[in-house]
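Just below is one structure, and these are the notes that go with it.
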Amino acid sequence: MPRTSREWSDEELHEAIKAYLSMLQQESENRPYSKADVNRSLREGPLKNRSKSSVEYRMQNISAALEELCLPRIQGYVPAKNLGTGVRDRIWNFLIEEGVYLPEEYAPTADRHELDEKTKSLRRKIVPGIPKGIETPKQMQATTLSFFRDPLVKAWVLNNSNGVCEGCKSPAPFTDIDGFPYLEVHHIKPLSEGGSDTIYNTIALCPNCHRRSHNSSDKVEFSDSLSNSLFRPLLN
C-alpha cells in the first residue's frame with residue numbers, strides 16, 4: 001500500500017535532490033533527458049511509495065529552494081509557492097552535502113572587505129532569483145556603527161542592473177579589476193533609519209549618482225525618484 005504520510009524521509013528527499021541535480025547537470029550541458037522518465041524511475045525505485053504528482057511537487061520544492069539562493073534551477077519545474085522553512089532547510093542541508101550550496105558565502109557580515117569578497121564570489125555563480133535579504137539588519141558597535149549586510153542581495157542588485165546605472169540609466173563608467181562593470185549599491189532608505197537590506201530598498205548606481213543621493217542639494221527629491229522608478233520582482 002502507498003504510504004499516506006505527507007512527510008518525506010531524509011532518504012527520499014535526498015534521492016529526489018540527487019535526481020534533480022543530475023537533470024540540471026544534463027540541462028547545463030545541453031544533453032537531452034526526460035523528466036517523465038526520471039519521475040517514473042524514482043517511483044520504480046527509491047520513491048516507490050510516492051505518486052507521480054508527489055514527486056513532481058517535490059521537484060518544484062527543490063526549484064524554490066534553489067531560487068531563494070539564486071542558484072541555477074531546472075526551468076521546467078516551476079518553483080512551488082509558500083515553501084515551508086522546515087522543508088527548505090532540509091533541502092539546503094542536502095545541497096550542502098552535494099557541494100551545491102556553501103552557506104559561508106551567503107552569511108551576512110558587517111565587515112566591508114568580507115562583504116565585497118562574498119559579493120564577487122556570488123556574482124560569478126548566481127542567476128536571477130529573488131533573495132529575501134534582511135528586513136531588520138543587526139547592528140554591530142565598533143569605533144563606528146556597522147550593519148550586517150546580505151552579500152546575495154548586493155550581488156543580485158549588481159547583476160540585475162546589467163552594468164547600467166539605475167539612476168541616470170548610463171553604462172557603468174569603467175570595469176573593475178575583477179572584470180565587472182563598476183556600480184555601487186545604495187540603500188534608498190538608510191539602514192541607520194530603519195531601512196531593510198533587501199532588493200526592494202537597494203539600487204545599483206554609478207559613483208556620480210551615488211554621491212548625488214548622499215550629498216546633493218536635491219538628495220531628498222532624487223531619492224524619491226529612485227524609489228518611484230525602482231522595479232523589482234515580487235516574492236511568492
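The values are calculated or read from the model by the stated rules, or taken from the named source; none is laboratory data. The shown structure was predicted, so the numbers you read here are calculated from the model rather than taken from an experiment. Glycine also receives a Cβ, built like all others from the backbone with ideal geometry; neighbour counts cover every protein chain displayed.
Couple of notes before you dig in:
- Matching entry among Leu191, Leu102, Leu145 (being in contact with a Ser or Thr (Cβ under 8 Å, 6 or more places away or on another chain) and either surrounded by fewer than 17 Cβ atoms within 10 Å (Cβ to Cβ) or touching a residue at least 24 places away in the same chain (Cβ under 8 Å) (or both)): Leu145
- Per the listing Glu56, Glu44, the residue uniquely surrounded by fewer than 20 Cβ atoms within 10 Å (Cβ to Cβ), over 13 Å from Trp92 (Cα atoms) and within 26 Å of the chain's Cα centre (by Cα) is Glu56.
- Restricting segment 150-188 to residues that are hydroxyl-bearing (Ser, Thr, Tyr) and in a loop (DSSP other than H, G, I, E, B) leaves a set whose member that is surrounded by the fewest Cβ atoms within 10 Å (Cβ to Cβ) is Ser170.
- Lys132 modelled with pLDDT of 95 or more, assigned to a loop (DSSP other than H, G, I, E, B) and surrounded by fewer than 18 Cβ atoms within 10 Å (Cβ to Cβ): no
- Enumeration of residues in segment 213-230 that are surrounded by 13 or more Cβ atoms within 10 Å (Cβ to Cβ) and not in a helix (DSSP H, G or I): Ser216, Leu230
- Test result for Phe174, free of Cβ contacts under 8 Å to residues at least 12 places away in the same chain and either farther than 15 Å from Glu105 by Cα or among the aromatic types (Phe, Trp, Tyr) (or both): yes
- Some residue of segment 70-83 being basic (Lys, Arg) and modelled with pLDDT under 95: yes
- Qualifying residue in segment 76-95 (condition: surrounded by 17 or more Cβ atoms within 10 Å (Cβ to Cβ) and on the phi > 0 side of the Ramachandran plot): no
- Condition check for Asp116: acidic (Asp, Glu), closer than 19 Å to Cys206 by Cβ and without any contact (Cβ under 8 Å) to a residue 12 or more places away in the chain: yes
- Listing of helices (runs of 4 or more DSSP H) fully contained in segment 46-113 that carry 1 or more residues being farther than 17 Å from Tyr20 by Cα and touching a helix residue (DSSP H, G or I) at 6+ places or on another chain (Cβ under 8 Å): 103-106
- Tally, over segment 1-30, of residues that are basic (Lys, Arg) and either closer than 20 Å to Arg88 by Cα or at pLDDT 95 or above (or both): 2
- Taken as a whole, the condition of being touching a residue at least 40 places away in the same chain (Cβ under 8 Å), of a type in the set (A, V, I, L, M, F, W, C), surrounded by 13 or more Cβ atoms within 10 Å (Cβ to Cβ) and in contact with a Pro (Cβ under 8 Å, 6 or more places away or on another chain) applies to Leu24.
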